[in-house]
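What follows is a single structure, written as structure tokens, with notes after it.
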Amino acid sequence: MNDALDEYGLIGHPVAHSWSPFIHGVFARQTGQAMTYRLHDVPAEQFEAYVLDFAARGGRGLNVTVPHKMAAARLARELTPRAQRAGAVNTLSFMGERLLGDNTDGAGLVRDLRDNLDVTVTRRRILICGAGGAARGAIGPLLELDPVEIVIAGRSLERARALAADFAPLGPVLGCALDDLLLGHFDIVINATSASLTGAVPAIPATVIESAALCYDMAYARGATAFVTWAREQGCPRAVQGWGMLIEQAAEAFELWRGIRPDTGPVRRLLLTA
């Protein structure tokens, strides 16, 4: 590791599309932090050994993305309350023998919805497509805003129902299969699947979009993602992708690592105008 600069990065598979190094670079310059941030493309079978070696060589922290979020939760020796609740980790912090796992995804999503997009979640019905690590990180923070109900739709009915059961003590959550959505309208539809990474769309009926005021794709791309394009074609008045969530969850991780909260406004303007 570089003796002068603290080492951070993003670990996942794939990661080449990620803008995280740019975002954290802006944060570091803005706050005067001596650090570097690099991408680490690591397949699932090498994840644990790679992370432990990174920490042993003096690495200070890693963001974690698909497909490693639940593996990171198992690897961490200590979990923050929100990571423990989610059962998934997107941020690892190494402090001596301490290997701390956190989940900043949900906080980033909520901050983007509430503060950047001026979206009201309270008393709204929400559909989350996907029952993996991204969904797990989002449900708890969304429930704190008191929605009418959150419906989790997954490819596996059993997995969606199990995830709903995990969060049922915190609020009204139901699980169903993607092709068998519970009846009724949704005010907000969130794509928490990885489908957009391959240009696909979750297999949900187009009728789900008819009443939605907002469709939100947790994924992001230079142009519109497949989900955003599809939602607009179905007549959704507002369909956005996850640039804001990416930036806000990164700020949460940066604050955990460096003890200072960066201003996300300049990064939002740079990325959204680019």
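The values are calculated or read from the model by the stated rules, or taken from the named source; none is laboratory data. Predicted model only: the values in this text are computed from it and were never measured. Positions of Cβ are backbone-derived with ideal geometry, glycine not excepted, and every protein chain shown enters the neighbour counts.
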(Q) Show me the strands (runs of 3 or more DSSP E) found entirely inside segment 188-274 where at least 1 residues are farther than 14 Å from Trp19 by Cβ, out of contact with any His (no Cβ under 7 Å at 6 or more places or on another chain) and of a type in the set (Phe, Trp, Tyr). (A) 214-217
**Q.** Of all residues making up segment 51-67, the number that are part of a loop (DSSP other than H, G, I, E, B), modelled with pLDDT of 95 or more and buried (at least 16 other Cβ atoms within 10 Å of the Cβ)
**A.** 2
Q) Does Ala71 fit the bill of being within 25 Å of Ala219 (Cβ to Cβ), in contact with a Lys or Arg (Cβ under 9 Å, 6 or more places away or on another chain) and either crowded, with 19+ Cβ neighbours inside 10 Å or free of Cβ contacts under 8 Å to residues at least 60 places away in the same chain (or both)? A) no
Q. When you go through (1) of a type in the set (Asp, Glu); (2) buried (at least 24 other Cβ atoms within 10 Å of the Cβ); (3) under 20 Å from Leu163 (Cα atoms) one by one for Glu248, which number turns out not to apply?
A. (3)
(Q) Can you find, within segment 1-41, the residue that is farthest from Gly265 (Cα to Cα) among those that are touching a Leu at 6+ places or on another chain (Cβ under 6 Å) and free of Cβ contacts under 8 Å to residues at least 40 places away in the same chain? (A) Leu39
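When you look at Ala131, is it out of contact with any Lys or Arg (no Cβ under 9 Å at 6 or more places or on another chain), in contact (Cβ under 8 Å) with a residue 40 or more places away in the chain and buried (at least 24 other Cβ atoms within 10 Å of the Cβ), yes or no? Let's see the steps before the verdict.
Values: out of contact with any Lys or Arg (no Cβ under 9 Å at 6 or more places or on another chain): no; in contact (Cβ under 8 Å) with a residue 40 or more places away in the chain: yes; buried (at least 24 other Cβ atoms within 10 Å of the Cβ): yes.
When the stated conditions are applied, Ala131 does not pass them.
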Q: Go through (1) buried (at least 17 other Cβ atoms within 10 Å of the Cβ); (2) within 22 Å of Val26 (Cα to Cα); (3) at pLDDT 95 or above one by one and return the number of the condition Asp187 breaks.
A: (2)
**Q.** Index of the failed condition, Leu92 passing every other in (1) over 17 Å from Lys69 (Cβ atoms); (2) in the same structural domain as Asp53 (by TED's automatic domain parsing); (3) hydrophobic (A, V, I, L, M, F, W, C)
**A.** (1)
Q: Return a yes/no flag: does segment 219-232 have any residue that is under 23 Å from Gly9 (Cβ atoms) and of a type in the set (Ser, Thr, Tyr).
A: yes
